[in-house]
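Each reported figure results from applying straightforward, stated rules to the coordinates on display, with no laboratory input. As the structure is a computational prediction, the values presented were derived from the model and not from experiment. No Cβ is skipped: glycine too gets one built from the backbone with ideal geometry, and neighbour counts run over all protein chains shown.
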């Protein structure tokens with residue numbers, strides 16, 4: 001995953017993959033989407049994450065899954 005989208009550091013959330021510049025785990029977005037919530041719902045709950053970060057993450061995940 002591109003470093004400007006996702007970050008993982010032992011000093012932030014014990015090394016959990018988070019959106020860069022935040023403490024919001026990527027897994028939280030996936031949990032929201034799995035539960036049928038929208039990207040807007042996620043962004044309302046986690047304003048430190050930008051729509052651009054979410055879209056970039058999803059595009060990269062799609063690219064990797066369809067490669």
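Taking the chain as a Gaussian network of alpha-carbon nodes connected by springs under 10 Å, the highest mean-square fluctuation of the residues 12, 54, 24 belongs to 12. Dividing the helix sum by the residues of the chain, where each DSSP H run of 4 or more adds -39500 (n - 2.57), gives a mean residue ellipticity at 222 nm of -14500 deg cm²/dmol. The modelled label-to-label distance for the pair residue 27/residue 58, using points 7 Å beyond Cα in the direction of Cβ, is 2.2 nm. If you take the beta carbon distance between residue 9 and residue 66 as r and set R0 to 30 Å, what does 1/(1 + (r/R0)^6) give as a FRET efficiency, to the nearest 0.05? About 0.55, to the nearest 0.05.
Exposure proxy shown here: for 16, 66, the number of other Cβ atoms within 10 Å sets the order, fewest to most, as 66, 16.
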